[in-house]
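Report on the structure given below.
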Amino acid sequence: MPKALKVAGEVDSWCTKCRLVLNHRIVSMKVGKAYQVECLTCRATHLWRPTAPGDKPAASGGGERATRSSTAPRSTRVTPAMRHEQSWEKAIAGRGVNEFKSYNTGGSFQEGDLLRHKKFGDGVVTRVIDLHKVEVLFRDEAKTLAQGMA
Ligand SMILES: [Zn+2]
C-alpha cells in the first residue's frame, strides 16, 4: 500500500552514497512525488530515486510518469540520428582526401561519389534524383543539392 507522501515523511530511495535502497526522509517534493531526499543512514541529501541504477523503474500506481533525473544513466538506444551518422561514417571512413570532389552546382555527380561542400562538409551521393538534382548524405543530415547547372 503506498503511503501518502509528504515533506519530512519517509520513503525508500536508492542512496547514491550507501549504494543501497534505504529509508530516506523527504526533503522536497515535486508533482506529488519525492524530489530530494535525505538518507537516514549517511545523512546525504540527493535526488529521490526509487530503484537502484540500472533497474527498470517500478511501475508506480496511477500511471504517472516516473520522475526522471537528468543524471540517470541513459540506456544505449540507437536513435535515427545515430544510425544516420553511422551510415555516413561507413561511407566516408578510410577515404582519401583526393577522392572528394569539391562541390559546385556546375558539377555532375553519380551515386557513390564523394564530395566536399563548403558549408556542409564531406558527403556522399546516395541518389541521383535527376540531371539537376542529387541527394547527398552529410554528417548532420541528407541534403538535396543541385548539379549540372550551367
Ligand atoms: Zn546513504
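The values are calculated or read from the model by the stated rules, or taken from the named source; none is laboratory data. Remember, predicted model here, so these are calculated numbers, not experimental data. Cβ: placed from backbone, ideal geometry, glycine included. Neighbour counts: every protein chain shown. Remember, those area values only see protein heavy atoms, side chains included, never the ligands or the DNA or RNA. Shrake-Rupley method; radii C 1.70, N 1.55, O 1.52, S 1.80 Å.
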>> Just to verify a result, which residue in the range 39-49, among those that are of a type outside the set (Gly, Ala, Ser) and surrounded by fewer than 17 Cβ atoms within 10 Å (Cβ to Cβ), is farthest from the ligand (Cβ to nearest atom)?
In response: THR45
> Is there any pair with a first residue in the range 77-96 that is touching a residue at least 12 places away in the same chain (Cβ under 8 Å) and a second that is of a type in the set (Asp, Glu) whose Cβ atoms are under 9 Å apart and which are 6 or more apart or on different chains, and what are they?
Replying inline: HIS84/ASP140; HIS84/GLU141; GLU85/ASP140; TRP88/ASP122; TRP88/ASP140; ILE92/ASP122; ARG95/ASP122
>> I'm trying to understand the selection: among the residues of the range 28-41, which are under 9 Å from LYS6 (Cα atoms) and not basic (Lys, Arg)?
In response: SER28, MET29, GLY32, ALA34
> Which of (1) within 15 Å of the ligand (Cβ to nearest atom); (2) of a type in the set (A, V, I, L, M, F, W, C); (3) modelled with pLDDT of 90 or more is the odd one out, the single condition ALA52 does not satisfy?
Replying inline: (3)
> What number of residues in the range 4-34 are more than 12 Å from the ligand (Cβ to nearest atom), of a type outside the set (D, E, K, R) and surrounded by fewer than 16 Cβ atoms within 10 Å (Cβ to Cβ)?
Replying inline: 8
> Filter the range 77-107 for residues that are of a type in the set (Val, Ile, Thr) and under 25 Å from GLY148 (Cα atoms); which is modelled with the highest pLDDT?
Replying inline: THR105
>> I'd like to check which strands (runs of 3 or more DSSP E) are fully inside the range 88-150 and have at least 3 residues that are of a type in the set (D, E, K, R).
In response: 121-130
>> I'd like the residue in the range 100-126 that is open to solvent by 60 Å² or more (accessible area, probe 1.4 Å) and under 17 Å from GLU85 (Cα atoms) and, out of all such residues, is farthest from the chain's Cα centre (by Cα).
In response: ARG116
> Restricting attention to the range 62-71, does a residue exist that is touching a Ser or Thr at 6+ places or on another chain (Cβ under 9 Å), at pLDDT 85 or above and at negative phi?
Replying inline: no
